[in-house]
Each structure stands twice: as structure tokens, then as C-alpha cells.
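Presented below is the structure to which this report refers.
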Amino acid sequence: MLINNNLIKDLQKTLSAENVLSTMEERYAYAQDATNSRQIKNLPDAVVFVENTEQVQKIVKLANKYKTPIICRGAGTNVVGSCRTVHGGIVLNFSKMNKILELSRENMTATVQPGVIVGDLQKEAEKIGLFYPPDPSNLKVSTIGGSIAQASGGAKTFKYGTTKDYILDLKVVTATGEILRTGSSTIKNATGYNLNSLFVGSEGTLGIVVEATMKLIPQPESKKVLMAYFDTVEDSVHAVNSIIEQRIYPATIDFMDKNAIQTVEKFYPAGLLCDKEAALVIEIDGFETTMNYQQNIIVSVLENCKASAIQYSTNEEEYERIWTARRSSMGACAKMKPNVTTDDVIVPRKNLAALVKGINDICKKYDLTVCMVGHVGDGSVHPQIPIDYRDEEEYRRFKLAKSEIYDLTAKLDGILSGEHGIGAEKREYIHKVINGVALDYMRQIKKTFDPNNILNPYKIF
Ligand SMILES: Cc1cc2nc3c(=O)[nH]c(=O)nc-3n(C[C@H](O)[C@H](O)[C@H](O)COP(=O)(O)OP(=O)(O)OC[C@H]3O[C@@H](n4cnc5c(N)ncnc54)[C@H](O)[C@@H]3O)c2cc1C
């Protein structure tokens, strides 16, 4: 407690008092993130709001002095316990470092502070005809720092890739308080190791991002969304491959199963067809003059693949309605039971049908409800399982199902996360898909960057 009090005093001297939170209630509020965990076991010692890089450097020095962890925090919306304060420490909140520093039409780049909201960057880029495609479903709240640390993807990954594909340069405060640059603001870079790739997806365990430069691309002139319904899941998955074979490149091919459709419609009536087994949400984009051409090809493929109904957006309102329905799945699922878990498994697309069927079989075996959505164009599935954590027996069955889903994913040449990360929640399973040699190298990398193990310790592996 003495160390704790001294730490708080030092933090208050370093930042202004209103930027340091330390009451029990305040610490409790920051012990968790959007992950639906069973219990909150440990609270942070303090939560600090940083306003500039120098303050971050000073906090790092204090963390080294007190040998206490630093857990960076954007919006706290990750779903793998990545912001969980496993062993107390200082939560570094970036909501006050939220400025877009430069948007360059000429370079087609954006340089931002880590607390910038992903959706806000998209809106600002759009104003100058540019586009930042990574779009986690909760892009209205999630931050650039958090999405870099989790290597976030989203619905548009199929055509445009994930956060990993847009980072050109990061300014990072290291575990010893130095400044490290991971790249440059040029569009290509073959100068030394690719540190950008190392830091994107590192979940705040290797360094603290205080500035990021991202590549932007031209904003597509037009976009439209179609929703195609199927009487079997297999038909819907088959349709994904058939669309791709036509050399059409939709921006999105997303999926909802019957449980997801019905649950969303129950809590967010959007006119979805609840008697269907599966739906694909397909977004096309490009020049206005190509939209009908693309749509006609896709509709004819969908009809050949036994789509039993197709809905289109004909205006912005309908476009938003379909997307809001798709993005509401987790929120809707959360209303079914006191808790909801979401997962993020991904396989090569050819094994997608087997994954979806296998997850359904496993959940049936363990008597669990599952709502499945996913970015199926990428082979990515998010099984969302409503659960009551107070029910010990249900929780036991859930843990068994979770482990079997990972075994199945590994058997189908897949991986445990395509976009959510591993955090605290999935670290005990990572050995199922990453071999021992690779894990040893990862541990050595962590030690090199963070010798005192102060940066978000006990995450990933
Ligand atoms: C309803 C819902 C829908 C979602 N949909 C998607 C989706 O479609 N696709 C997807 O990929 N994800 C999705 N997610 C997961 C989550 O939103 C993403 O991981 C998100 O980008 C995290 O951003 P955040 O600002 O909330 O980060 P946080 O949760 O605050 O932090 C995430 C990680 O980043 C680290 N971190 C934060 N800032 C920094 C920094 N400056 N430097 C170093 N490390 C830092 C934290 O320590 C932590 O490890 C969804 C989550 C929810 C709740």
C-alpha cells in the first residue's frame, strides 16, 4: 500500500491531479474491457489520462521505478481481455490524445494520435475523397491505437485488408522510455526489418504507440449492399466461392446464420427474413457506372446457388439499416442471457463450410445456443454464445465447447484469431496453433523489447 501511495503521488506530480484516477470505484471501472469475463480479480493501481508523448515517457520511467505494469487503453472494446489488469498496474488512457495531426491528399496518408476514433478518421478522410478501409463493427468507438494493437479487421477485409495493410510508420515509446520509429511515411519501404508488422497485433506488449501514419486509398464513388438468403448454410458458403470465381471483388462478403438473423430481428426489427437458414451480406463498390453490372453478375450467381430471396439497398437509409442489423448481432445476442461470449476463428476458405457445420455440431453436443456471424469472404467466423456465468454446469460445457472449437479450427488449418487478438482470454490455447519454436521466438522478442516485463504482461502467450 505504501508503494501504491507513493506511486499515486508520483503520478500526480507528473500529470495534473485530474488526470490521475485512484479511488476504488474508478479503478474498478478500468479493470475490465468489453470481454465478458466471469470475474474481476485484480484492479489497476491507477488510471492516468496522458496528453502528450513526454508524459507517456515519464509514466514509463515511473513504471520501471515501481516495477508495475502499464496497460494501454483505447476505448476498451477488445473482446479478449487484452486490457485486463491481471497484476494491477497503471492504465494508460489515450482518450485525450485524439487529434488527427495531418491528412495529406498528395501523399494519401494520415498521421494521427492513438486515441483517434476509427470512424472519425474515416469521415475526415472521406471529406478529401480518401478512404481508410479497416472497419471493426464498432468503428464508431474503437480507437486507432487499440485497432493497431489488436490488428483489427472488419467487414471490408476481403477486398481491402486489415489494419496491418495500412500502417506505414509508428512512433512508439519503448519499455525504457525511448522513442522508436517502426517505418517511414513512404508508400513502400525495404529498409531493414519490418517493425510495423511486429508492432501491429502486439496488443500493447512491446511498446506504446503515440503516433501512427497510415496509408489511405481513393474513396470508391459508389457503394451498395445486397442481402441474399439461403435455405441451407452449405448453399450460402458455396455461393461465396461461386461469386469469387466470377472475378468480381465485392468489398464485403459477410454471413449470418438463422439464430443470428432471428435474434437481431427480435431486438432490432430491420425486416430480415427469419425463416431462412443463412444470409450473406454482400457489399459492392466502385464507379457508379459499374454498379448495375456488378449487381447483375452477383444476382445471377446467387440465383444459380439457390438463393431463395435477395434484398437490395436502394438508398443510404436502406444501406445503413442492413449494416446496422449485421453489426447489431453481438448486442442482440447479449440480450438472450446475462452474458455473451464472442469468438474469432478463421480457416482457409475451402474449409469454411466444415468449420461452420462443426461449430454448430459442437454447440449442439454441449447444449449451447450459438449465433454465428462472420466475414466469410475471408474464412472468418464469430460464434457468439449467450451464457449465464452463474450456472456452473453451463460454464463447464461452454469451456469444453470452446476448446473443441479451437481443436477443430486447428484441424482445418486455421488459426485462433483473424482480427480480435489473443489477450488474456485465449492465451492458454495458443499452443494449439503456434508451434513451440515460434512461441519461444515470440518470448525472446518480448524480452528484448520489454526486459522488466512491464508492458501489458501475461497476454498472448
Ligand atoms: C460490438 C463489437 C464489435 C467488434 N467488431 C470487430 C470487428 O468487426 N473486427 C475487429 O477486428 N474487431 C472487432 N471488435 C473488437 C475490438 O473492437 C477491436 O479489437 C478494437 O479495434 C479495439 O479498439 P479499442 O480502442 O477498444 O482498444 P482497447 O480495447 O482499448 O485496447 C486493445 C489493445 O490495444 C492496446 N492499446 C490500446 N492503445 C494502445 C496504444 N496507444 N499503444 C499500444 N497498445 C495500445 C491495449 O493495451 C489492448 O491490448 C469488436 C468489439 C465489439 C465490442
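What follows is calculated from the coordinates using simple rules that are stated; it is not laboratory data. Just so you know, these numbers come straight off a predicted model, no measurement behind them. Don't worry about glycine lacking a Cβ; one is built from the backbone with ideal geometry, like all the others, and counts go over all protein chains shown.
With n ≥ 4 as the cut-off for DSSP H runs, can you work out [θ] at 222 nm for the chain, using -39500 (n - 2.57) per run divided by the number of residues, rounded to the nearest 500? Don't skip to the answer; put the middle values down first.
Working: 15 runs with 163 residues, N = 461.
Result for the chain: -10500 deg cm²/dmol, rounded to the nearest 500.
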Simple Cβ-charge dipole of region 336-432, Lys/Arg +1 and Asp/Glu -1, about Cα centre, in debye nearest 20: 240 debye
Taking a ≥ b ≥ c as the square roots of the eigenvalues of the Cα gyration tensor, with a/c under 1.5 meaning rounded and otherwise prolate when a/b exceeds b/c and oblate if not, region 222-327 is oblate
As a quick test, which of the pairs Lys9/Lys399; Lys127/Lys402; Lys61/Lys156; Lys99/Lys164 have an alpha carbon distance above 32 angstrom in this structure? Lys9/Lys399; Lys127/Lys402; Lys61/Lys156
Got a sec? Charge dipole of the chain, +1 on Cβ for Lys and Arg, -1 for Asp and Glu; which of Ala239, Ala190, Val299 is way out at the positive end? Ala190
Would you mind calculating the relative contact order of region 191-279 from Cα pairs under 8 angstrom and at least 6 residues apart, reporting the percent as a whole number? 32 percent
Rounded to the nearest 10, the angle in degrees between the Cα long axis of helix 233-245 and the longest principal axis of the Cα atoms of the chain comes to 90 degrees
For region 333-404, with the dipole built from +1 on Lys and Arg beta-carbon atoms and -1 on Asp and Glu ones, taken about the Cα centre, which of Met336, Val373, Gln384 lies farthest toward the positive end? Val373
How big is the chain on each of its three principal axes, counting only the C-alpha atoms and giving the largest first in Å? 69, 59, 43
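Take Thr324, Thr341 and order them by how many other Cβ atoms sit within 10 Å, fewest up front. Walk me through the numbers before you get to the answer.
On the way: Thr324 12, Thr341 22.
Lowest to highest Cβ neighbour count: Thr324, Thr341.
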Can you give the angle from 0 to 90° between the axis of helix 2-14 and the longest principal axis of the chain, with both taken from C-alpha atoms, to the nearest 10? 80 degrees
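State, as an integer percentage, the relative contact order of the chain based on alpha-carbon contacts under 8 Å between residues 6 or more apart. Can you show the working numbers first?
On the way: 975 pairs, mean separation 70.3, N = 461.
The normalised contact order for the chain reaches 15 percent.
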Report Rg (one decimal) and Dmax (nearest whole number) for region 100-218, counting Cα atoms only, units Å. 13.2, 40
Ordered by fewest other Cβ atoms within 10 Å, a rough proxy for footprinting exposure, Ser137, Ser104, Ser202, Ser82 read Ser104, Ser137, Ser202, Ser82
On a 0 to 90 degree scale, rounded to 10, what angle separates helix 53-66 from the longest Cα axis of the chain? 70 degrees
